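The values are calculated or read from the model by the stated rules, or taken from the named source; none is laboratory data. If you're wondering where the values come from, they're calculated on a predicted model, not measured in any experiment. Heads up, the Cβs are rebuilt from the backbone with ideal geometry, glycines too, and the neighbour counts pull from every protein chain shown. We work out accessible area using only protein heavy atoms, side chains counted, and drop any ligands, DNA or RNA first. Shrake-Rupley method; radii C 1.70, N 1.55, O 1.52, S 1.80 Å.
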Amino acid sequence: DAAVAVVAPAPPAGAPAMVDGPSRQPRMYESWEGAERFVCGGRCMVGPDWPMSFLTAGLLLAPSGVFLAWPGWYLGRQVSWAIFAFGIILPLLSFLFLAMTALSDPGVIPRREPDDEYLMGMKPRTKEVLVNEHRVTIRYNDTCHFYQPPRAHHCSINDNCIERFDHHCPWVGTTIGKRNYRTFLLFVYVTTVFCLYVIGCSIAAIFVREKELSDERSPGDQSSVWPATLVDSAPAIVVAAYAFLFSLFVGGLSNFHCYLVGTNQTTYEKFRYSQKDRTNPYDRGLLRNCFEVWCTPTPPPQFDARAPGPARLPP
């Protein structure tokens, strides 16, 4: 008898993909609720205004290229190649910490299904908890359907509740919270150091060039070499001025966050409670506050974006 081949009908357009027979269950990031976006198959999370991080990278890349092309290269030949090497290392570190901040989960607390007891009025909207022997009021989040932990806040831009919410940074393109605050600080601090480095090296390059032109003058020539020096040093002058303006912003930000780290405050807490007579319940002294930010291990995410299942957890 002739064998008869049976061909299964093609699935209709728009039907879910089939894996080993049953339909594949969507991964958590595929049904995510919120303004964040996932890249690399759910391995990295970016904020809703993620293109701004490329603008920030460009604002760093342009002066880095000018600096390496003239002041850095010139000082490398005339003084030491270590100057040129540091001019490469510092911006690379800045780019690295920018990427680590922009591509990481800031501390999103996943949404839950609505709590029937709260909807029926059996639970209060706010309640008090003890934090370091201080009473702290927490409230129910109607969007995410849970009581927000102390220091958590619902970011209106990312549209999710962020643990230890600090602020939403448009230059990084995402919210700064518990899980990416340290890399954000490193990005700001390293960028500040790089700006100061560019300013100092550019000024030094001008004086080194002036001395070089002075030494090249013929004996008895007492004419000033500064006009020629300034013309030759135009790239150094431009990049130094650019770095100075940039340093006013990142330098001020660095000083502000040094204060926040030392007092164990977030940006949100500082501006919300600065005018109120309120004891900071999280302040444990300078050393412990710094240890908490710099030496405490970064907690793992509260969800697995690549795991099959819905984006909301049970109440």
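Taken about its Cα centre, the stretch 199-301 carries a charge dipole of about 720 debye when Lys and Arg each add +1 at the Cβ and Asp and Glu each add -1 at the Cβ.
Taking every DSSP bridge with both residues inside the chain, close to 95 percent are antiparallel.
Taking packing as the residue-averaged number of other Cβ atoms within 10 angstrom, the listed peptides 125-136, 280-291, 201-212 run from highest to lowest as 201-212, 280-291, 125-136. Where a Cα-Cα gap under 26 Å defines reach, which lysines qualify for LYS270, not counting those fewer than 8 residues away within the same chain? By straight Cα distance, LYS270 reaches LYS127, LYS178.
Label-to-label distance, ALA228 versus ARG284, with points set 7 angstrom from Cα along the beta-carbon direction: 6.4 nm. Each principal axis of the Cα atoms in the stretch 33-94 has its own extent, and those three values, largest first, are 57, 19, 12 angstrom. Once C-alpha pairs closer than 8 Å and six or more residues apart are averaged by separation and normalised to the residue number of the stretch 167-314, the relative contact order reads 26 percent. Roughly what percent of Cα-Cα pairs across the stretch 104-226 reach past 27 Å? Of all Cα-Cα distances in the stretch 104-226, 50 percent exceed 27 Å.
Considering only PRO106, CYS201, MET120, and ranking their Cα positions along the charge dipole of the chain that arises from unit charges at the beta-carbon of Lys, Arg, Asp and Glu, the one farthest toward the positive end is MET120. With all protein chains in place and a 1.4 Å probe, the accessible surface of the stretch 184-230 carries 68 percent carbon and sulfur. Note on ARG272 and ARG139: the extension gain reaches 46.3 nm, defined as 0.36 nm multiplied by sequence separation minus the Cα-Cα distance. Report the Cα centroid-to-centroid distance between the stretch 29-71 and the stretch 170-219 in angstrom, as an integer. Using only Cα atoms to place each centre, the spacing works out to 21 Å. Taking Lys and Arg as +1 and Asp and Glu as -1, the other residues whose beta-carbon sits under 9 Å from that of ILE138 total +1. Return the inverse of the average 1/r over all pairs of distinct C-alpha atoms in the stretch 227-315, which is the Kirkwood hydrodynamic radius, in Å to one decimal. Kirkwood radius, the stretch 227-315: 17.9 Å. Sorted on the mean count of surrounding Cβ atoms within 10 Å across their residues, most packed first, peptides 265-271, 218-224 read 265-271, 218-224.
Among rounded, prolate and oblate, which fits the stretch 74-123 when a ≥ b ≥ c are the square roots of the eigenvalues of its C-alpha gyration tensor, a/c under 1.5 means rounded, and a/b larger than b/c means prolate? Judged from the Cα gyration tensor, the stretch 74-123 comes out prolate (a/c at least 1.5, a/b above b/c). Taking all protein chains as they are arranged and a probe of 1.4 Å, the heavy atoms of MET122 leave approximately 130 Å² accessible to solvent. Over all other residues within a Cβ to Cβ distance under 15 Å of ASP232, the charged ones net out to 0, with Lys and Arg as +1 and Asp and Glu as -1. Once the C-beta distance of GLN25 and ASP115 is scaled by a Förster radius of 25 Å, the resulting FRET efficiency is 0.50 to the nearest 0.05. Secondary-structure-derived ellipticity at 222 nm for the chain, considering helices only, amounts to -14500 deg cm²/dmol, per-run term -39500 (n - 2.57) for DSSP H runs with n ≥ 4. Put the Cα centre of the stretch 124-147 next to the Cα centre of the stretch 244-315 and the gap is 18 Å.
For the stretch 58-161, taking Cα atoms only, Rg and Dmax work out to 24.7, 77 Å respectively. When peptides 158-166, 146-154 are sorted by average Cβ neighbour count within 10 Å, with the highest value leading, the order is 158-166, 146-154.
Accessible surface area normalised per residue over the stretch 256-315 is 64 Å², counting heavy atoms of protein chains with a 1.4 Å rolling probe. Once the Cβ-Cβ distance of ALA82 and PHE256 is raised to the sixth power relative to R0 = 35 Å, the FRET efficiency obtained is 0.65.
Considering only alpha-carbon pairs that sit under 8 angstrom and 6 or more positions apart, the relative contact order computed for the chain is 25 percent. Which entry in [x] 117, 41, 29; [y] 102, 83, 27; [z] 69, 51, 34 matches Cα extents along the principal axes in Å derived from the coordinates of this structure? This structure yields the entry labelled [y].
In this structure, the amide hydrogen of HIS167, modeled 1.01 Å from its nitrogen in the peptide plane, lies closer than 5 angstrom to those of ILE176, counting only residues at least 5 positions away or on a different chain. A simple spin-label model places pseudo-atoms 7 Å from Cα toward Cβ; at ILE157 and ALA35 they are separated by 0.7 nm.
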